[in-house]
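What follows is a short report on a single structure.
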Amino acid sequence: VAFALVFASLLVKCVFLISLNGGVYLPAPYQALLLLFAVLIQIAIGTQWLITSPPRVDNVVVPMTGTAISSRYHLLLSAGDLSSLNPTIPLCHTSFSDLLLSLIYVVFLIVFVSILAIKSRGIRDNYREATYIGLSVAGAIPIWLGWTLCGLAVADRHRDACLAFGLVATSSTVFLVMFMPKGRQLAAMGKEGLYVEDREERFSSLSRTGSGYS
């Protein structure tokens with residue numbers, strides 16, 4: 001749900017900028033409803049997943065008799081685990097592949113936001129915020145590839161750390177990149193309270209709709 005909230009917000013912002021460039025202003029209640037319905041889809045997916053596959057803990061017994069172990073888990077034992085004769089390792093029943101499958105909708109949001117950001121890269125409204133939306137998605141894609149590959153490579157007990165790193169890194173990257181237009185605006189604002197670029201381009205072909213949002 002957290003991933004869906006991040007990228008659904010970028011989706012709503014991108015739709016708002018595209019409609020604004022076309023001369024249509026989307027009111028705040030419409031944007032809120034669009035964000036709500038986009039996040040509700042992921043909530044419905046997660047709810048269905050929890051109903052059909054409730055979370056539980058599997059206590060995996062590791063025999064120390066030298067016999068082969070048939071387990072779907074990638075175990076990594078420590079010295080503390082081997083203190084007893086037949087150590088029992090508590091692991092989450094939900095596999096990492098199931099977790100990745102639950103994020104298919106988020107991947108769809110990333111792809112859709114990327115397409116909209118490429119389509120709206122030339123929009124100058126709101127200090128070229130559409131360009132920064134594309135940059136934030138471009139920064140999030142390598143992070144996603146990194147934490148998913150690490151989660152597939154490490155032992156089961158460390159996969160939650162990979163997911164946590166992916167969530168924190170993604171949200172931090174999007175947060176920092178999306179605040180860059182505001183910093184650039186404050187740094188380059190002239191005496192009239194406008195960008196120099198805005199004063200020069202306010203009558204350009206992309207601004208003839210007269211939105212006045214910038």
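The values are calculated or read from the model by the stated rules, or taken from the named source; none is laboratory data. Just so it is clear, the model here is predicted, and its values are computed rather than measured. Cβ coordinates were reconstructed from backbone atoms using ideal geometry, including for glycine residues, and neighbour counts include every protein chain displayed. What goes into the accessible areas is simple: the full protein's heavy atoms, side chains included, and nothing from ligands, DNA or RNA. Shrake-Rupley method; radii C 1.70, N 1.55, O 1.52, S 1.80 Å.
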Using distinct alpha-carbon pairs, which all enter the 1/r mean, Kirkwood radius of the stretch 102-142 in Å: 10.5
Using all C-alpha to C-alpha distances in the stretch 109-188, build P(r) with 5 Å bins and read off the rounded percent in each one. 3, 15, 20, 20, 15, 11, 8, 5, 3, 1
Between F175 and T88, the FRET efficiency computed from the C-beta separation at R0 = 30 Å comes out, to the nearest 0.05, as 0.15
Could you report the accessible area of R56 in Å², rounded to 10, computed with a 1.4 Å probe on the protein chains as they sit in the structure? 130
